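**Student:** The structure that follows is given in the form of structure tokens.
The values are calculated or read from the model by the stated rules, or taken from the named source; none is laboratory data. As the structure is a prediction and not an experimental result, all values here were calculated from the model. Cβ: placed from backbone, ideal geometry, glycine included. Neighbour counts: every protein chain shown.
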Amino acid sequence: MVVIIFGAGVAGCACALELIRKGIGCIIIEKSNANQSTLDFGETLPPESSLLLSELLLSEKHDTFGKKIFGVQSSWGHAGIDTRSFSSSIPSYGLLISKFKLVDHFRNILSPTVPIYYGVRKVSLSEKSNGHITDVSFSDIVGSSHSISADFFIDATGRHRFLSRRYSKIQHYDRLIASLSDGFTHTTANTTLSHDMSLIESINTGWWYTASNFSDKRVVARFSDAHDGIARKIKAPSIFLQQISETSWVNQLVEGGEELNKITNFSAASTKLKNIGLKNWVAIGDAARTVDPLSSQGIHNALLDGATFAKALVEYEDNSNIQSQFVEEIEQSYFNYLSKRDSVYSLENRWSSSFWQLRQP
Ligand SMILES: Cc1cc2nc3c(=O)[nH]c(=O)nc-3n(C[C@H](O)[C@H](O)[C@H](O)COP(=O)(O)OP(=O)(O)OC[C@H]3O[C@@H](n4cnc5c(N)ncnc54)[C@H](O)[C@@H]3O)c2cc1C
């Protein structure tokens, strides 16, 4: 069996790693160039996700892409600060990672065995009359053309959904948007807050996230609804900084620090494909469904989907409906995620803006 994976991100690499361990050949097609640096979000991984990552990498060495954290801080539902310690979890730490460094780490492990084509353009698919995809044609970073046949196709292109958006509608559950800058230098301001733990603070029109990232800068993100127009306004650094100064807690971790990078808007909406898999393709990670960054579950889902679907391919190699159990599990877990997301937002009832009204039961 030959599998083509679109996207050498977290989900695509995790899937490729499990496939080669099971002896299944795969090829990855990646749109961006190798080592293309992008914004460093400073993603938080709770202990269970750190454990999953160690199991997949067969190593607890995380220092090339992340650092240990021992809890998270939040101001949510009341004006004070709560600290959730990881001391009673297994492992007793989470990770603050650079997704891009993690992906580099995965790609280095894969590179001797799995062909990864970078910077691909002009991608086209051929199908049989029964709707099964047979071949993919593309040109690579140096302009050479390729045409490759495969038995199964995996969409791991994140929110781009290169393959699956051709075959499925996308369902939107909100329009959350992140306005993010990753270049704040560290402040020396005196505060009772931990500089090492990430912090979430709710405000009347959304919430803030800040964490010290892998490059030892501070990432600061403001979450709002796309339709309220805030994300457009705060792309001006002076307005972004002014909004930070109006917070009670984020301000204390940023005050006096110099803001170096521009502010970029990203969709952080909760969305799901109507059809996560059909015929001989399936979507994994963010391509299948996206979750609110508040849940810190995006990387976990990407790792778990990659590993789980690789096993499904091995176990059901001769079955025409390889993906049905996998798809059912994602549908069920997304239903649970939505109800958990609603219960977290319902803990905050101090504000009356449309952002919070939309999130109240
Ligand atoms: C602001 C923000 C903060 C977040 N914070 C956290 C957090 O704290 N903790 C957490 O767990 N998660 C967090 N997430 C979510 C997390 O980043 C994602 O869920 C996770 O990266 C999804 O991994 P993926 O592999 O599915 O997709 P991606 O990481 O998006 O990888 C997709 C890959 O596909 C490639 N690609 C795209 N289009 C094509 C194409 N046409 N052809 C070929 N390749 C293509 C891309 O270049 C990329 O390499 C956050 C997300 C946002 C927006």
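**Student:** Give me the pairs: first residue in the stretch 324-348 and within 17 Å of THR290 (Cβ to Cβ), second residue of a type in the set (Val, Ile, Thr), beta-carbon distance under 7 Å, and six or more apart or on different chains, which are they?
**Tutor:** Note: pairs meeting the criteria are VAL327/ILE276; ILE330/ILE276; TYR337/VAL291.
**Student:** Only one of these is out of contact with any Leu (no Cβ under 7 Å at 6 or more places or on another chain), at pLDDT 95 or above and closer than 26 Å to ARG84 by Cβ: GLY306, GLY298. Name it.
**Tutor:** GLY298
**Student:** Please go through (1) within 20 Å of GLY23 (Cα to Cα); (2) more than 9 Å from the ligand (Cβ to nearest atom); (3) of a type in the set (Asp, Glu) for ASP305 and return the number of the only condition it doesn't satisfy.
**Tutor:** (2)
**Student:** Can I ask one more? Just to be sure before I move on: is ILE203 farther than 21 Å from GLU43 by Cβ, away from the ligand (no atom under 16 Å from the Cβ), crowded, with 18+ Cβ neighbours inside 10 Å and not charged (D, E, K, R) in the structure I sent? Steps first, please.
**Tutor:** Values: farther than 21 Å from GLU43 by Cβ: yes; away from the ligand (no atom under 16 Å from the Cβ): yes; crowded, with 18+ Cβ neighbours inside 10 Å: yes; not charged (D, E, K, R): yes.
It is true that ILE203 is farther than 21 Å from GLU43 by Cβ, away from the ligand (no atom under 16 Å from the Cβ), crowded, with 18+ Cβ neighbours inside 10 Å and not charged (D, E, K, R).
**Student:** Inside the stretch 309-323, can you point out the residues that are free of Cβ contacts under 8 Å to residues at least 24 places away in the same chain and surrounded by 13 or more Cβ atoms within 10 Å (Cβ to Cβ)?
**Tutor:** ALA312, TYR316
**Student:** Quick test of your reading of the structure: LEU180 fulfils all but one of (1) more than 10 Å from the ligand (Cβ to nearest atom); (2) at pLDDT below 95. Name the failing condition by number.
**Tutor:** Going through the list (1) more than 10 Å from the ligand (Cβ to nearest atom); (2) at pLDDT below 95, LEU180 breaks only (1).
**Student:** Something else now. With the checklist (1) polar (S, T, N, Q); (2) more than 22 Å from the chain's Cα centre (by Cα); (3) surrounded by fewer than 15 Cβ atoms within 10 Å (Cβ to Cβ); (4) at pLDDT below 95 in hand, flag the one item SER147 doesn't pass.
**Tutor:** (4)
**Student:** Another question, then. So which residues in the stretch 4-43 are touching a Leu at 6+ places or on another chain (Cβ under 6 Å) and either of a type in the set (D, E, K, R) or away from the ligand (no atom under 13 Å from the Cβ) (or both), if there are any at all?
**Tutor:** CYS26
**Student:** Are any of the residues in the stretch 287-301 more than 11 Å from the ligand (Cβ to nearest atom) and among the polar types (S, T, N, Q)?
**Tutor:** The answer is no; no qualifying residue exists.
Quick grid of which residues meet (1) exposed (fewer than 14 other Cβ atoms within 10 Å of the Cβ); (2) more than 22 Å from ALA287 (Cβ to Cβ); (3) not assigned by TED's automatic domain parsing to the domain that holds PRO46:
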| residue | (1), (2), (3) |
| --- | --- |
| VAL123 | no, no, yes |
| ILE133 | no, no, yes |
| PHE152 | no, no, yes |
| PHE162 | no, no, yes |
| ASP182 | no, yes, no |
| ASN190 | yes, yes, no |
| ASP216 | yes, yes, no |
| VAL219 | no, yes, no |
